[in-house]
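Readers should treat all values here as calculations from the given coordinates under stated rules, not as data from a laboratory. Note that the structure is a prediction, hence the values are computed from the model and not measured. Because the Cβ atoms are built from the backbone with ideal geometry, glycine has one as well, and the counts that use them run over all protein chains shown.
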Amino acid sequence: MGVGKNLGRHQADESLIVIDGFNQTNCLDVLLPPRQTLPFVFNSPHSGRSYPRAFLQDARLDSLQIRRSEDAFVDELFVNAVPLGAPMLRALFPRAYVDVNREPYELDPKMFRDRLPPFANVRSVRVAGGLGTIARLVGERLEIYGRSLEVSEGLERIETLYKPYHRALRDLLTSTHQAFGHAVLIDCHSMPSCVRGHNGLQRPDFILGDRYGTSCSAELTEAAAGILTSMGYRVARNRPYAGGFITEHYGRPAKGLHALQIEINRGLYMDEARHCIHDGFKRMANDLTTFIRHLTAIPAQDLNDPAIAAE
């Protein structure tokens, strides 16, 4: 598929897209370059802004509150990776509806009126925090639902959205690995500018997550940090975002599969209260294009060195 027609709609609340429901053609986008020349795959799992009408009507929250967990506009910030020669996958459905950066069945039994299947993971830390595969909360601990859900509703979202998304991501990584001998997944996210409950304490500009050195080669993380620092940004690693299910699940550096999560401070490019971009968006998009150019120039032998991968 090509770049979606809704890219570029930035006014407050106007970037939200209301749909009747999801199907195979409106749940995700695979953005492909004319020819893939880079062993990189870019992924934006939380920037989806198409909301089912029934979901919005059912929610206790207004149209701005429900969007507080979106990694807003992150797909647009990284989309220049595509003309540079790397494919990009982006979810069109919102994280509040189904979160693909979780295990497939991290489900909170308190959300459902009937019994969950025995294979559901009901005791994970993310479920306890209200942020399972089907989230109970968004933003500053705002409850999404005013009713209990049917288990069949949650399982249908997983079958219809979660599983096709991961199939698409696996296909991109597999084809990239086969073509180049290795593959690098850049998992693209954003974070609130301030730390909740710390009197406005500002987060760094970027946080890089490599699961404490286990999801990618040290060379990749070092290079990403060095490039961003040289551009004047404040960079932290792994705390509090070490990478979620996607980074942990797909990162196998000893097998030539590297996964690095990148979190961008939303205050650098958007008005978080109004949910729209500000003047910093253009600069951030340009800087990320420069960042991608430099990061993708890392020699393959550095990424695939067994000694580096083992660090």
Exercise for review: Can you tell me the relative contact order of the chain? Whole percent, Cα pairs under 8 Å, sequence separation 6 or more.
Suggested key: 20
Study note, to complete from the structure: Ranking TYR212, GLN36, LEU84 by how far each Cα lies towards the positive end of the charge dipole of the chain (+1 on Lys and Arg Cβ, -1 on Asp and Glu Cβ), the top one is TYR212
Revision key, fill the gap. Taking chymotrypsin sites (Phe, Trp or Tyr not before Pro) as exposed when in a DSSP loop with at most 13 other Cβ atoms inside 10 Å, the chain has its longest clean stretch at 1-118
Point to revise | Gyration tensor verdict on segment 1-154 (Cα atoms; rounded if a/c is under 1.5, prolate if a/b is larger than b/c, oblate otherwise) | key: prolate
Check your understanding: Once both axes come from the Cα atoms, what is the angle between helix 280-295 and the longest principal axis of the chain, in degrees from 0 to 90, rounded to 10?
Key -> 50
Exercise for review: With an 8 Å cut-off on Cα pairs and a minimum separation of 6 or more residues, tell me the relative contact order of segment 242-302 in percent.
Suggested key: 17
**Study point:** Computed over segment 80-170: relative contact order in percent, which uses C-alpha pairs under 8 Å that are six or more apart
**Key:** 34
Study note, to complete from the structure: Computed over the chain: longest principal axis from alpha-carbon atoms vs helix 218-230 long axis, angle to nearest 10 degrees, is 90
